[in-house]
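A short reminder: the numbers here are calculations on the coordinates, not readings from a lab. Just so you know, these numbers come straight off a predicted model, no measurement behind them. Positions of Cβ are backbone-derived with ideal geometry, glycine not excepted, and every protein chain shown enters the neighbour counts.
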Amino acid sequence: ETGVTQSPTHLIKTRGQQVTLRCSSQSGHNTVSWYQQALGQGPQFIFQYYREEENGRGNFPPRFSGLQFPNYSSELNVNALELDDSALYLCASRETGGRNYGYTFGSGTRLTVV
Amino acid sequence: QQQVKQSPQSLIVQKGGIPIINCAYENTAFDYFPWYQQFPGKGPALLIAIRPDVSEKKEGRFTISFNKSAKQFSLHIMDSQPGDSATYFCAASSGNQFYFGTGTSLTVIP
């Protein structure tokens, strides 16, 4: 049973629109990362937040932005949606400094851009 | 550029067989190598992970073999079961970012 919850599970948007995806992490998980997983591919790192500050970013344009809140929730915002943004978006969290270095992933939000 | 190369892309084994999935990396700064299992419609779930100071790690039916000099690591699934049918991803990390392989779709035939 995953401790990371994502919403919504599915979403359809039109090209050019903006979208906000949400994630609720496990209590105590102060590090959250967002990944994009295209069909048949491995997850690609978008960015990471630690204590509400971005502290790592992959090869994604600035129209991908995020927020992390003190209550262990976070958001991924994507502006000016493009057809290639259609993918599964995964939120993953962990407790920095904890014994378990691995991330716990949510089940993802399936975004379709038409 | 793919930081972690994974093979094979797909694998079919009989129940009880030992599927082996291989990964290779180039960046010697990587210091954490996890394997994830993903079922359709679900996010990846951490199976087992290894650090480069050991050559092998076992957890239940899952074993990671790690060859630091060759910059390769592999996942072995002992006594595979139909319930193991899923997509498996290797990953490598140094600090904040995880780099994932392209995945291996495993089918275990009853």
Please provide three numbers in whole Å: the alpha-carbon extents of chain A along the principal axes, with the largest listed first.
42, 28, 23
Testing the spin-label approximation: label points 7 Å from Cα along Cα→Cβ at residue A:26 and residue B:45. State their distance in nm.
1.3 nm
Using only the Cα atoms, what convex hull volume per residue in Å³ does the protein assembly as shown have?
123 Å³
Debye, to nearest 20: dipole size of the range B:4-103, +1 on Lys, Arg Cβ, -1 on Asp, Glu Cβ
80 debye
Could you give the length gained by full extension between residue A:18 and residue A:51, i.e. 0.36 nm per residue of separation minus their alpha carbon distance, to one decimal place?
9.4 nm
In whole Å, what is the distance between the alpha-carbon centres of the range A:53-84 and the range B:26-50?
22 Å
